[in-house]
Structures are given as C-alpha cells and as structure tokens.
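Note sheet for the following structure.
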Amino acid sequence: MARGGKRIGSGRPHGTGKFGEPTKPIRVPLSDLDRAIKCLQNRFFRLPLYHCCVTAGVPSTVDDKVDKEMDLNELLIKKPADTFFVKVSGLSMIKAGIQDGDILIVDRSVEPIHGKIVIASINGELTVKRLYLNGTIIRLIAENDAFSPIEISNEMSFQILGAVTSVIHVM
C-alpha cells in the first residue's frame, strides 16, 4: 500500500471553509502574524468604491452600484518600504491645502525637484515646505504669506527626508 499523497474523499470540500473559497497555506513571519490576521479579517482594508462620482456643484442622482473595492494602500502608497506618515502641526502650508492636524504621506523614493512639497530636516527640526531650487540656491517656501522663506546655507544641517505624495485631511 502506497503512503503519503492525497487521499480521495479526505479533508474539507473546496470552498466550504471560513473564506468560502479554496485556500493555500503560506509562511508569515511571527512578527507580522497579528497584522496578517487583521488584513485577512478586514479583507485587506478594501472599501467599496461607488461607480458614480460626487459632484461639488449641482446634486446628482444616487447610484448604489459598487464599481469595485479599493485598497487605500494601493491608491496612495507606491513604494511601501520608502513611505512614511507624518502629522502636521502649524499653518505654514494652508494655501497648498495642508492644515494643522493633517496627515502627510511621504515617499523617500520621489526625487525632491523644484516645486515639490517636501519634508526637510533643518538643524534637527522637521518642517514641511515647497522646495525652491535655482542653481546653488535652495529655499524652503511656505504656502502662507505670514511665513518667510527659509534660505538654506552651508552652515545649516539640512536634509530632505522625502516628498509629500498625499494629504489626509481629517474633518
């Protein structure tokens, strides 16, 4: 009699388990086990994306059709290993739509070019500003007329930590 292998009629029928579909065993590091379980329980944080658009002008009819499910991580985070979040404190960027208490999604892999909004460290303190580059001149520009530009000099300890890719405004 042969040993091992699949036995006909053994095990749970496909699609009758907890998930209602066939499953596959995977290896998960113990340090990520709780997070992996939460992802499965929350269906990977996918939320319904409705087919209709919401108008910012004249109201339109409601369409209850869900177009697909959307994972905010897929939408907002292109390179997870290079991405971090930071909470805003202050009003220096209000004309750019960044308000006190907002959460910024910052990507270290995005090139900090002229005009990008960046997170910078100046003498060990973090700030969010628009980057101005012109030859050897580097400035950090606020989006609020009450704040003066910051001219970066050689005497300063200066580093750009990443570019802001999205703003989460909590109401």
task: Please specify each residue of segment 82-130 satisfying the condition of being aliphatic (A, V, I, L, M) and farther than 21 Å from GLU151 by Cα.
output: VAL86, VAL88, ILE98, ILE103, LEU104, ILE105, VAL106, VAL110
message: Yes or no: segment 132-155 includes at least one residue that is under 22 Å from the mean Cα position of the chain (by Cα), assigned to a strand (DSSP E or B) and closer than 30 Å to ASN73 by Cβ.
response: no
- request: Output yes when any residue across segment 110-127 is surrounded by 17 or more Cβ atoms within 10 Å (Cβ to Cβ), hydrophobic (A, V, I, L, M, F, W, C) and either assigned to a loop (DSSP other than H, G, I, E, B) or on the phi > 0 side of the Ramachandran plot (or both), and no when none is.
  value: yes
Pair list, Cβ under 8 Å, 6 or more apart: segment 5-21 residue assigned by TED's automatic domain parsing to the domain that holds LEU40 and surrounded by 10 or more Cβ atoms within 10 Å (Cβ to Cβ), other residue modelled with pLDDT of 70 or more and not in a loop (DSSP other than H, G, I, E, B): none
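Only residues that are closer than 11 Å to ILE168 by Cβ and at pLDDT 90 or above: list them for segment 66-85, please. Talk me through it step by step, then tell me what you get.
First pass over segment 66-85, keeping only residues closer than 11 Å to ILE168 by Cβ: 72, 76, 85.
Across segment 66-85, the qualifying residue is only PHE85.
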- line: Pairs returned, first residue in segment 89-101 that is touching a residue at least 24 places away in the same chain (Cβ under 8 Å) and surrounded by 15 or more Cβ atoms within 10 Å (Cβ to Cβ), second residue that is of a type in the set (Val, Ile, Thr) and assigned to a loop (DSSP other than H, G, I, E, B), beta-carbon separation under 7 angstrom, 6 or more apart or interchain, are ILE98/VAL88
task: Could you pull out the residue among MET93, MET1 that is among the hydrophobic types (A, V, I, L, M, F, W, C) and at pLDDT below 85?
output: MET1
message: Quick check on THR61: is it modelled with pLDDT of 65 or more and of a type in the set (Ser, Thr, Tyr)?
response: no
- request: Sort out which residues of segment 102-131 are in contact (Cβ under 8 Å) with a residue 40 or more places away in the chain, touching a helix residue (DSSP H, G or I) at 6+ places or on another chain (Cβ under 8 Å) and among the charged types (D, E, K, R), and write them in order of number.
  value: ASP107, ARG108
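The values are calculated or read from the model by the stated rules, or taken from the named source; none is laboratory data. Note that the structure is predicted; figures quoted are calculated from it, not measured. No Cβ is skipped: glycine too gets one built from the backbone with ideal geometry, and neighbour counts run over all protein chains shown.
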